[in-house]
1. Counting other C-beta atoms within 10 Å, which of Phe167, Phe181, Phe186 has the fewest, and how do the rest follow?
2. Which ordering of Tyr67, Tyr121 is given by a fewest-first count of other beta-carbon atoms within 10 Å?
3. How high is the relative contact order of the chain, given as a whole-number percent (alpha carbon pairs under 8 Å, six or more residues apart)?
4. List the aspartates and glutamates whose Cα sits under 17 Å from the Cα of Lys177, skipping any in the same chain fewer than 8 residues away.
5. Rounded to whole Å and sorted largest first, list the principal axis extents of the Cα atoms in the chain.
6. As a footprinting exposure proxy, order Asp161, Asp119, Asp176, Asp114 by other Cβ within 10 Å, with the fewest listed first.
7. Can you show me the helix-derived [θ] at 222 nm for the chain, built from DSSP H runs with n ≥ 4 at -39,500 (n - 2.57) apiece and divided by the number of residues, rounded to the nearest 500.
8. Can you give the charge dipole size of region 25-172 about its Cα centre, rounded to the nearest 20 debye, using +1 on the beta carbon of Lys and Arg and -1 on the beta carbon of Asp and Glu?
Amino acid sequence: MKDGARHTSLNQVEAEWLSEFVRQHKPRQTLEIGLAFGVSAVYIMSATGRVHYIIDPFVNSAIYQGYGLKNLARFGLKRNAKIFNEPSQLVLPRLLDKGLNFDFAFVDGSHFFDDQFVDFYFLDRLLKIGGHMIQHDAWTGPTKTLAAWIATNKTNYQTVDSPQKTFNIWQKTAVDKRKWFQFKKFKVTTTGKISSFI
């Protein structure tokens, strides 16, 4: 295992908080983008005891060496994991086409802005009203930019406060009722907080 890849995983405090969040909200259908070493998946699946959809094209890559799958097997969770070893932009549309929907999504996949935007585009359509979406690595520029756009333009989402500053937590509260031409400009600060809107 390459030690440099360990920073991609949740730490113990984040993982335990995530587990408690899932236990509190009791989602029935869960999805995750980005398996890595399987830390978040183990905590999510242990909290629900249900089938969990996982999307990660790098499951068996040289970086992770299959450790995510090994950890799921180690905790007896692999049988409840529906794993897609493909890019999320290919898998998410297929899940939508199948009519699936989810109460909870944990997003820790590609950190390119365009990939994150595409992930959100499809997850928005897959997420039930009342469902939650958590984005990891809230400190990164692309994630901060996406968060600022959601906060200003997606009025059917509200932020959920958390002591975990590495998470952006969203709850879908209604259907999207934007007018076809609606767009609000926004600014992103270095702290990740949304600044005054234009």
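Readers should treat all values here as calculations from the given coordinates under stated rules, not as data from a laboratory. In this text, all values refer to a predicted model and were calculated from it rather than measured experimentally. Don't worry about glycine lacking a Cβ; one is built from the backbone with ideal geometry, like all the others, and counts go over all protein chains shown.
1. Placing the least packed residue first, the sequence is Phe181, Phe186, Phe167.
2. So the ranking, lowest neighbour count to highest, is Tyr121, Tyr67.
3. On the way: 348 pairs, mean separation 31.9, N = 198.
Relative contact order here is 16 percent.
4. Asp124
5. Per principal axis, max minus min of the Cα coordinates gives 50, 37, 31 Å.
6. Listed from fewest to most nearby Cβ atoms, that is Asp161, Asp114, Asp176, Asp119.
7. The helix-only estimate for the chain comes to -10500 deg cm²/dmol at 222 nm.
8. On the way: 16 positive and 12 negative charges, 126 e Å.
The calculation lands at about 600 debye.
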